[in-house]
1. Keeping to the stretch 41-82, report how many residues are surrounded by 18 or more Cβ atoms within 10 Å (Cβ to Cβ) and of a type in the set (Phe, Trp, Tyr).
2. Please determine, by comparing only the residues of the stretch 3-16 that are part of a loop (DSSP other than H, G, I, E, B) and either at pLDDT 90 or above or polar (S, T, N, Q) (or both), which one is surrounded by the fewest Cβ atoms within 10 Å (Cβ to Cβ).
3. What number of residues in the stretch 67-87 are under 12 Å from the mean Cα position of the chain (by Cα) and among the polar types (S, T, N, Q)?
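The values are calculated or read from the model by the stated rules, or taken from the named source; none is laboratory data. In this text the structure is predicted, and so the values were computed from the model without any measurement. As a convention, Cβ positions derive from the backbone with ideal geometry for all residues, glycine included, and neighbour counts pool all protein chains shown.
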Amino acid sequence: MIKSRDYEEYLIESLKDPEEAAGYLNAVIEGGDFRVFLLALKHVQQAYGGMTKLATKTNKSRASLYKTLSATGNPYFKTIQHILSTINLSLVVTHKKPNTRSDGVKSQALTACKSPTPKDKSIPKIVVKVAPMIRPRVIKSY
């Protein structure tokens with residue numbers, strides 16, 4: 001008989017690797033749904049010790065963090081940065097060239113914001129990516 005493993009257990013175990021966690025969050029960001037990003041961030045924080053450990057590191061209540069990372073959460077950018085930095089990840093903005101298919105047709109490039117396409121094509125499109133931090137930062141609470 002073949003042993004089966006719960007998908008969520010496998011996911012949480014694999015997200016303990018910082019490169020895997022960064023790739024997972026980047027894939028979710030490219031999907032463009034912020035609610036899915038919050039769920040993915042919740043999975044990553046579970047891999048890094050759970051909500052109690054995150055609450056201790058961020059000096060926020062567990063209830064506040066559960067609300068922040070829920071599907072209806074609407075966290076500040078600063079809060080997301082703080083959560084990512086406690087698990088040694090950071091947000092990075094990079095230039096992204098438009099994708100071109102083999103038949104020469106340009107596909108839409110994903111951008112960090114939903115602004116209209118600029119009339120001046122020389123303005124670069126950007127995408128936000130999550131990357132592992134080289135060294136952990138010390139977060140001071142005020």
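1. So the answer is 1.
2. Per the stated criteria, the residue is SER4.
3. 2
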